[in-house]
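As structure tokens, the structure follows; a few thoughts come after it.
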Amino acid sequence: MEFFASLVTRFNSKRERTGTDGPGWLVGWFCSSTATVHTSWTTLSRFGAMEKLSSMMEYRLKTLTSWMVRTGNGTLEELLHDACDTLVLWPWTTGLLWYGALGAILTYGFYLFYYQAMVWKRDLTDIGYNHILDAARIGKSDRKRVDTVNRARRLRKIGDRLPPPYPNGWFSVLESEDLARGEAKSVDCLGQNLVVFRTDAGEVNVLDAYCPHLGANLGVGGIVRGDCIECPFHHWSFSGRDGQCTNIPYSKSGTVPKVARLRKWRSLEVNGFIFVWHHVDPEAEPWTFNVVQEIEDGRWVYYGKNEFLVNCHIQDVPENGADVAHLAAVHGPNMMSGSDIRYSRPAWADFGMHSWLASWQAPDEGDPTHVAKMDLVHSFRIFNKFEVGKIDVRAYQIGPGYVQLMMNTGMGPFVVLQTVTPIEPLVQKVIHRFYAPRNVWNAIFQKFAILAESIMFERDMMVWNHKQFIDNPLLIKEDRLIKSYRKWYSQFYSENSVSFTMAKEKLDW
């Protein structure tokens, strides 16, 4: 016991000399615990218990100390005294390690927050069917979920006269970062099966997916070689420039039939998207594409996106821009109440409401006929008195499936790019990509903007996923913009456009 007391005294003396607040409690606890064990051991020995175990422990301790003396490591007392000296300096070392680790974690966290893009994705069964799933007590992981949603989709009355499901225009088929150099992908949209591939030089090409030889899908296992794509079935090669077959490796004559050709689709890569020109009239020339130069030259950077699958006709999505009356009804309630419109008006959320002032207009005479405009002013009103969060929006509806939303806030501008692409006659893939100048404010605000826009869009989805398309709706005077919008949108249908009935029959097969 005198040894342990001297050990604690030496430790405290060393700490006072160095001015270091070391972990004295650790050594004190060790020493006092050892003394307690010694006392308990003595007590047990008085009753003759544990004698054999005591002898064994004493033997092992003597063996350990004799080994340390033989190997030059010193006695047990000397080693423990040296440990005291080390423990006095240990807080400095551990402190540096802890602060270093904490600094590294915070730095990495700030890096992710500042540079990492935010992605918000929802599948077809995620939004708008909770009233059915809740009634059936079906959770997110339940196998019955998809079957239940698909049954509700089949039972829905979609309308008697629907416009053609695949209008004419530019449509997004992929996002640029989803296609690496030397990669090929199969894409199904617009009633077509396409192969999209990028050469090693970075050029993007889009062809019909099925090889004319025996029908293999070039997007499933096809290999990019130079500016060609090689079929995985028999290694026929097709040029990305014009779709012509350039090589049949086992042909003894070396000749390639001129009719061995795939359809080449006009494509364009701009502002983070890969677009394809879809038109039922082959002679129709594509219109000039509107490019956001701040994105192309790198002044504005990508902050994130949301992505949805919506169960509706493509015309329903951009029609929201002309339906200004729905803004107060669907998007007026506080965003903090969530996206489920069944519960979007709770009493606790009435302290704040979204205010919208909107107008939609068709192109003026002399303007490009495929571009419509919408002006929108948003603000958040607290107790219907204080106005905050004002955002001025000028939206350009460019054709049937692309919108540029140019936004201005008190802290600077940003842009949201929306693409709507028909995957099936009544399934639309909708993506919003957010771009803004790189700064700390946008690192915070853009993530909030993605969250807010996603919640508001999901409220629309709950309506779209269940609404019926009415060809001749009952409109009042205040709905006149909807009529103007439908007249403008009708230009994207041609006499030869595939009808909804024909497209659905083809898909059902």
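Within the bounds of region 386-394, is there any residue that is in contact (Cβ under 8 Å) with a residue 12 or more places away in the chain, surrounded by fewer than 13 Cβ atoms within 10 Å (Cβ to Cβ) and part of a strand (DSSP E or B)? Yes: one or more hits. The set of residues in region 290-312 being open to solvent by 30 Å² or more (accessible area, probe 1.4 Å) and either out of contact with any strand residue (DSSP E or B) (no Cβ under 7 Å at 6 or more places or on another chain) or not in a strand (DSSP E or B) (or both) consists of 290, 291, 293, 294, 296, 297, 298, 299. Pairing each residue of region 311-340 that is in the same structural domain as residue 423 (by the TED database) with any residue that is among the basic types (Lys, Arg) and modelled with pLDDT of 95 or more, provided the two are 6+ apart or on different chains, yields C-beta distances under 6 Å for 330/459; 339/459.
What number of residues in region 208-228 are in a loop (DSSP other than H, G, I, E, B) and either closer than 17 Å to residue 179 by Cα or among the acidic types (Asp, Glu) (or both)? Total satisfying the criteria: 8.
Each row is one residue, and each column tells you yes or no for (1) in a loop (DSSP other than H, G, I, E, B); (2) in contact (Cβ under 8 Å) with a residue 12 or more places away in the chain; (3) open to solvent by 20 Å² or more (accessible area, probe 1.4 Å).
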| residue | (1), (2), (3) |
| --- | --- |
| 413 | no, yes, yes |
| 430 | no, yes, no |
| 434 | no, yes, no |
| 462 | no, yes, yes |
| 471 | yes, yes, yes |
| 474 | yes, no, yes |
| 502 | no, no, yes |
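Select from region 171-194 the residues that are open to solvent by less than 20 Å² (accessible area, probe 1.4 Å) and either without any contact (Cβ under 8 Å) to a residue 60 or more places away in the chain or not in a loop (DSSP other than H, G, I, E, B) (or both) and list them in ascending order.
Residues of region 171-194 open to solvent by less than 20 Å² (accessible area, probe 1.4 Å): 171-173, 175, 179, 187, 189-190, 194.
Result: 171, 172, 173, 175, 187, 189, 194.
Looking only at residues in region 117-143 that are of a type in the set (Lys, Arg) and within 26 Å of the chain's Cα centre (by Cα), the one that is most open to solvent (accessible area, probe 1.4 Å) is 143. Checked against the criterion of being open to solvent by less than 30 Å² (accessible area, probe 1.4 Å) and of a type in the set (Asp, Glu), the candidates 316, 350 yield just one match: 316. For residue 162, state whether it is open to solvent by less than 50 Å² (accessible area, probe 1.4 Å) and assigned to a strand (DSSP E or B). No, not satisfied.
Within the set of pairs 6 or more residues apart or between chains, which connect a residue that is in the same structural domain as residue 209 (by the TED database) inside region 251-264 to a residue that is aromatic (Phe, Trp, Tyr) and in a strand (DSSP E or B) with Cβ atoms less than 6 Å apart? Once the first residue is in the same structural domain as residue 209 (by the TED database) and sits in region 251-264, its partners that are aromatic (Phe, Trp, Tyr) and in a strand (DSSP E or B) give 262/238. Taking the criterion of being among the small types (Gly, Ala, Ser), in contact with a helix residue (DSSP H, G or I) (Cβ under 8 Å, 6 or more places away or on another chain) and either closer than 30 Å to residue 435 by Cα or modelled with pLDDT of 90 or more (or both), would at least one residue in region 94-115 satisfy it? So far as region 94-115 goes, no, none of its residues is among the small types (Gly, Ala, Ser), in contact with a helix residue (DSSP H, G or I) (Cβ under 8 Å, 6 or more places away or on another chain) and either closer than 30 Å to residue 435 by Cα or modelled with pLDDT of 90 or more (or both). Restricting region 149-191 to residues that are under 26 Å from the mean Cα position of the chain (by Cα) and of a type in the set (S, T, N, Q), the residue that is farthest from residue 397 (Cα to Cα) is 150. Being modelled with pLDDT of 95 or more, in contact with a Leu (Cβ under 9 Å, 6 or more places away or on another chain) and within 24 Å of residue 479 (Cβ to Cβ), is that true of even one residue in region 329-340? The answer is no, given that none of the residues of region 329-340 is modelled with pLDDT of 95 or more, in contact with a Leu (Cβ under 9 Å, 6 or more places away or on another chain) and within 24 Å of residue 479 (Cβ to Cβ). Select from region 130-159 the residues that are in a loop (DSSP other than H, G, I, E, B) and polar (S, T, N, Q) and list them in ascending order. Selection gives 141 alone.
The values are calculated or read from the model by the stated rules, or taken from the named source; none is laboratory data. It should be emphasised that the depicted structure is a prediction, and the values quoted were computed from it without experimental measurement. We place every Cβ from the backbone using ideal geometry, glycine too, and count neighbours over all the protein chains shown. Accessible surface areas use protein heavy atoms only, side chains included; no ligands, DNA or RNA. Shrake-Rupley method; radii C 1.70, N 1.55, O 1.52, S 1.80 Å.
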